[in-house]
1. Going by what's in this entry, would THR395 be described as of a type in the set (Val, Ile, Thr), at pLDDT 95 or above and within 20 Å of ALA505 (Cα to Cα)?
2. So how many residues does the stretch 409-435 have that are over 50 Å from the mean Cα position of the chain (by Cα) and either without any contact (Cβ under 8 Å) to a residue 60 or more places away in the chain or at positive phi (or both)?
3. Just checking, how many residues over the stretch 1-23 are more than 11 Å from the ligand (Cβ to nearest atom) and hydroxyl-bearing (Ser, Thr, Tyr)?
4. Scanning the stretch 24-56 for residues that are in contact (Cβ under 8 Å) with a residue 60 or more places away in the chain and among the charged types (D, E, K, R), which turns out most open to solvent (accessible area, probe 1.4 Å)?
5. For the stretch 241-251, indicate whether the set of residues that are out of contact with any helix residue (DSSP H, G or I) (no Cβ under 7 Å at 6 or more places or on another chain), away from the ligand (no atom under 11 Å from the Cβ) and either farther than 21 Å from ARG6 by Cβ or assigned to a loop (DSSP other than H, G, I, E, B) (or both) is non-empty.
6. Can ARG356 be described as under 21 Å from ALA32 (Cα atoms) and of a type in the set (Lys, Arg)?
7. Would the stretch 204-226 turn up any residue that is away from the ligand (no atom under 13 Å from the Cβ), closer than 29 Å to GLN3 by Cα and either in contact with a helix residue (DSSP H, G or I) (Cβ under 6 Å, 6 or more places away or on another chain) or not in a helix (DSSP H, G or I) (or both)?
8. Looking for something surrounded by fewer than 20 Cβ atoms within 10 Å (Cβ to Cβ) and of a type in the set (Ser, Thr, Tyr) - is there at least one such residue anywhere in the stretch 466-483?
Amino acid sequence: MNQEVRVRFAPSPTGALHIGGLRTALYNYLFAKKMGGKFLLRIEDTDQTRFVPGAEEYIQESLAWLGISPDESPWKPGAVGPYRQSERKESYLPYALDLIEKGHAYYAFDTAEELEAMRERLTAARVVQPQYNSITRTQMKNSLTLSKAEVQERLASGQPYVIRAKLPLKEEVRFQDLIRGWVVVHTSTLDDKVLMKSDGMPTYHLANIVDDHLMGITHVIRGEEWLPSAPLHVLLYRFFGWEESMPQFAHLPLLLKPDGNGKLSKRDGDKLGFPVFPLNWTDPFSGEKSSGFRETGYLPDALLNFLAFLGWNPGDEREIFSLSELVEAFSIDRIGKAGTKFDIAKAKWFNEHYLRQLSVEHQREYLLQDAQAAGVQLEKGKATAVVHLLRERVTFPGDFWKDSQLLWQAPSEFDEEVAGKKWNLEAKTVLETYAAALEADNSIPFDASSAKALLEATAEALEIKLGKVMQAVRLAVTGWGAGPDLMEVFAILGPQEVAKRIRFALHTLPLVG
Ligand code: GLU
C-alpha cells in the first residue's frame, strides 16, 4: 500500500482538552510523522448546545505548546476543508438522503412523548436496554411504517423529523482493530442511531464518517470510549459503498485513576493535586478554574515523553525520548490494550530530567524572572551560584526561586523536631566559636571549602565531632534540618550573614535536655 497516511484528531470544542485527548493527538501526530503522512485537525462542533467559547483556541494553543501542530487545520487549511464541521453543515444532508435512497436509513417522526412511551413500554416488558432498533421501529412513526403519501405529506408540511440508520436485524459486524484485533458485534445489540437531527444538523456519527471519507483519512486513532460506535461506523462505510477506502481503526486504552480503579477524571486531579489539562482553563460559564501542566511548571518535552508512555512503550528499557526520537520509535503495535494508570510521580520524574539538563543560563532565567516578579533584583553572579546550588534538586522551574528563599530570608522559626533532638551544648559551643571566628576576620576569602575548613578546625579545636553537630549548624542558619549543600549556602550568604543567623539562633533557641 503506497497510499499516503492521513490521520486526524477530531475533538469537540466542549471545554478544556483533557490529557487523554492530548495523548490521542500525540499518537496521531507520531504515527503520521513516522509514516511520512499528514496529521489533520478537525473541529467537531455540530452539537451547538455543547459549544464552549474559547475551547477551540485552547486546543490550538495546547498543540502548539507541545510542538505537535497539525499539517491541516482550521488555521492552516489544506485541500479538503473546511476543517470545522459547523462550516460543512450543508454538506451532510445529501449523504443522509442517499442512505434513505439506498434503503439504509429512514425518516422518523416520533415525538419526544412517543419515544418516552416506547421506553416505558419496553421497560415494563423488562427489556434491559430499551432501544429504537430493528424490532421496535416497526411500531413507531417512520418512513418504514407510514405510507409513502403520509411521509410526503409530513415532510411537505414541515413536520420535524430525524433520519435514522436502518440497521440489519441479524448480522455480525466484524472489523480488525489495530490494537484490539478482531472486534465482532451482533447488530441485534445495536440501535438505529440518529444520523440527522431535527435541527438539520448531522450527528457525530454521520458527520464523522462523511468527513473521514472526504478528507481521505486512512487510520482512525482515538480513545477506547469510541469503540462501541465503531460497528455502526463500519456499517455506514458499507452502506455508502466506501468499504474499499474504509480507514483502519485503532482504539487507545483508557487512562485510569492513579490507583487503577476506573477512568481518570478531573476530580481525581483536584483531589490528588495534579493537573489533567495541558493549560490553565477557566470555564466561561461557571467561572471554575483548573490548573494546567504548563502553568504548574511542566516542560513540553517532559509532558510529551510522559504522554507517549501512557499506553505505548518502545519495547526496551529506554525511557527518555525527544519528540523526533518518539517519531522514530513509534509504532501502533506497541500500544497496549490494557488501561494505563496515571502516575503523576512519573510525570515529575520526566520533568526533573528535562529541567536539570537545561543550561545554567537557561535555568538562571527562570530564577531571575521569578525574583523580578517578586520585586527582587538579583545580581547575576549570585543567581548563578543559586542555580548551581539547586539544579540537582529542582522539579519545576519555579523551584529555583521557591527553594532559594532560605537564602533571602533569615529563619525566624526553627524546625522543632530537629531542635528537640540536635540543639545541645556541644552544638552551641561549636556555633559560638564559629560565629566569633567569622566575625573576627572577614578579610579571608569565603567560599564553600574555606567555610568548611574553618568549621572543621573549630570543631576539632573544641574536640567535638563535627558530624554530631552538623544538623544543628544547618538548623541555626536555615531553620531546617535538611536542604541543599550547606557550605554552598554559607558561601552565598557570606560570613557576616552566617554569623548573624547563628547569633540569632543562639539567642532564640532554648537548650534541650
Ligand atoms: N468528536 C469526537 C471526540 O470528541 C471524535 C471521536 C473520533 O475520533 O472519532 O472525541
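1. Judged against the criteria, THR395 is not a match.
2. 4
3. Let us first name the residues in the stretch 1-23 that are more than 11 Å from the ligand (Cβ to nearest atom), namely 1-6, 16, 19, 22-23.
Narrowing the set further to residues that are hydroxyl-bearing (Ser, Thr, Tyr) leaves none.
Final tally of qualifying residues: 0.
4. Filtering first and then ranking leaves LYS34.
5. The answer is yes; a qualifying residue exists.
6. Values: under 21 Å from ALA32 (Cα atoms): no; of a type in the set (Lys, Arg): yes.
No; evaluated as a whole, the condition is false for this residue.
7. Among the residues of the stretch 204-226, at least one is away from the ligand (no atom under 13 Å from the Cβ), closer than 29 Å to GLN3 by Cα and either in contact with a helix residue (DSSP H, G or I) (Cβ under 6 Å, 6 or more places away or on another chain) or not in a helix (DSSP H, G or I) (or both), which makes the answer yes.
8. Within the stretch 466-483, none of the residues are surrounded by fewer than 20 Cβ atoms within 10 Å (Cβ to Cβ) and of a type in the set (Ser, Thr, Tyr).
The values are calculated or read from the model by the stated rules, or taken from the named source; none is laboratory data. Since this is a predicted model, take the numbers as computed values, not measurements. Methodologically, a virtual Cβ is constructed for each residue, glycine included, from the backbone with ideal geometry; neighbour enumeration extends over all protein chains shown. For accessibility, only protein heavy atoms count, side chains too; no ligands or nucleic acids. Shrake-Rupley method; radii C 1.70, N 1.55, O 1.52, S 1.80 Å.
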